[in-house]
1. Could you check the stretch 89-111 and list, in sequence order, the residues that are under 15 Å from SER178 (Cβ atoms) and not aliphatic (A, V, I, L, M)?
2. Among the residues of the stretch 117-152, count how many are under 23 Å from ASP97 (Cβ atoms) and either at pLDDT below 75 or outside any helix (DSSP H, G or I) (or both).
3. Restricting to the stretch 153-166, what's the tally of residues that are in a loop (DSSP other than H, G, I, E, B), loosely packed, with under 15 Cβ neighbours inside 10 Å and charged (D, E, K, R)?
4. Within the stretch 167-182, restricting attention to residues that are in contact with a strand residue (DSSP E or B) (Cβ under 8 Å, 6 or more places away or on another chain) and assigned to a loop (DSSP other than H, G, I, E, B), which residue is surrounded by the most Cβ atoms within 10 Å (Cβ to Cβ)?
5. Just name the residue that is surrounded by the fewest Cβ atoms within 10 Å (Cβ to Cβ) out of those in the stretch 120-142 that are over 30 Å from SER178 (Cβ atoms) and touching a residue at least 40 places away in the same chain (Cβ under 8 Å).
6. For ARG203, are the conditions met, namely being surrounded by 15 or more Cβ atoms within 10 Å (Cβ to Cβ), of a type outside the set (A, V, I, L, M), within 27 Å of ALA37 (Cβ to Cβ) and at pLDDT below 95?
7. Which residues, counting only those in the stretch 32-74, are assigned to a strand (DSSP E or B), aliphatic (A, V, I, L, M) and modelled with pLDDT under 95?
8. Just wondering, is there one or more residues in the stretch 89-111 that are charged (D, E, K, R), assigned to a strand (DSSP E or B) and in contact (Cβ under 8 Å) with a residue 40 or more places away in the chain?
Amino acid sequence: MKSAMFWNSSRNWKPKRKQRSQMKLYKYIGLSNFGYANCEAILRESKLWVSSYRKLNDPFEFRFASTNVSGKPDTGFAIAVKNSKNGVVSFSATNNDLLLWSHYANAHCGICFEFDSDKDEILRTARPVSYVPAMPTYDPAKPDEMLYSKSISWKYEDEVRVIVPDKCDAQIKVSKDSLCAVYFGHNVTFDDIARFDPLCTGRNKKTERFESSFRKSGRRRL
């Protein structure tokens with residue numbers, strides 16, 4: 001079952017598919033611990049959290065092969081990049097993958113935010129990640145390529161990322177108009193919907209709200 005369904009108050013049942021041509025970016029956040037603060041920051045202040053490379057969930061990321069003076073493989077450059085002050089904001093190109101809802105939205109107890117990258121200068125720098133079967137060799141002519149490559153094991157993420165120079169473990173502000181939709185996961189509680197739904201309706205009338213359509217009968221539409 002690959003496709004998830006969503007609805008909002010002004011539309012009939014319909015699937016929400018990928019929209020690559022429209023430059024849509026989807027940010028999954030689980031509603032637990034730090035996730036509550038991140039969701040409120042997006043809805044109240046239009047701020048996104050910038051993670052450091054050291055805290056990404058793939059410990060092998062940025063470990064690219066190169067050759068040292070002895071001719072042996074060397075990953076020192078990758079480690080240097082990982083310890084740099086640059087940060088990353090990760091998105092997906094899809095909002096309807098059940099694994100993403102499970103892994104990044106706290107087992108469907110979370111929210112997916114849809115951003116239009118054309119409406120913000122920072123988000124326009126987003127680039128898709130390339131998924132490779134083996135550790136690539138570092139190419140000095142293309143130093144940025146290592147920032148947008150991951151193991152093929154992560155391909156299901158369909159990741160699109162923004163690299164933020166000289167900022168990590170901090171927030172960046174994006175255009176208020178860039179947020180165009182909010183999706184509540186299948187297992188989000190009524191209390192959490194009641195907490196965040198007013199923030200959605202109060203920030204921007206153009207921001208649509210959706211709820212998972214796999215709810216049991218009796219669940220309310222937004």
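The values are calculated or read from the model by the stated rules, or taken from the named source; none is laboratory data. Since the model is a prediction, treat every value here as computed from it, not as a measurement. Cβ coordinates were reconstructed from backbone atoms using ideal geometry, including for glycine residues, and neighbour counts include every protein chain displayed.
1. As a first pass, look at the stretch 89-111 and keep what is under 15 Å from SER178 (Cβ atoms): 89, 91.
If the condition is that a residue be under 15 Å from SER178 (Cβ atoms) and not aliphatic (A, V, I, L, M), then PHE91 is the only one that fits.
2. 11
3. Of the stretch 153-166, the ones in a loop (DSSP other than H, G, I, E, B) are 158, 165-166.
Applying the additional criterion that residues be loosely packed, with under 15 Cβ neighbours inside 10 Å yields 165-166.
Subset that is charged (D, E, K, R): 166.
Of the residues in that region, 1 qualify.
4. VAL174
5. THR137
6. Working: surrounded by 15 or more Cβ atoms within 10 Å (Cβ to Cβ): yes; of a type outside the set (A, V, I, L, M): yes; within 27 Å of ALA37 (Cβ to Cβ): yes; at pLDDT below 95: yes.
Against the criterion (surrounded by 15 or more Cβ atoms within 10 Å (Cβ to Cβ), of a type outside the set (A, V, I, L, M), within 27 Å of ALA37 (Cβ to Cβ) and at pLDDT below 95), ARG203 qualifies.
7. Of all residues in the stretch 32-74, those assigned to a strand (DSSP E or B) come to 47-52, 65-67, 73-74.
Adding the requirement that they be aliphatic (A, V, I, L, M) leaves 48, 50, 65.
Selection gives ALA65 alone.
8. no
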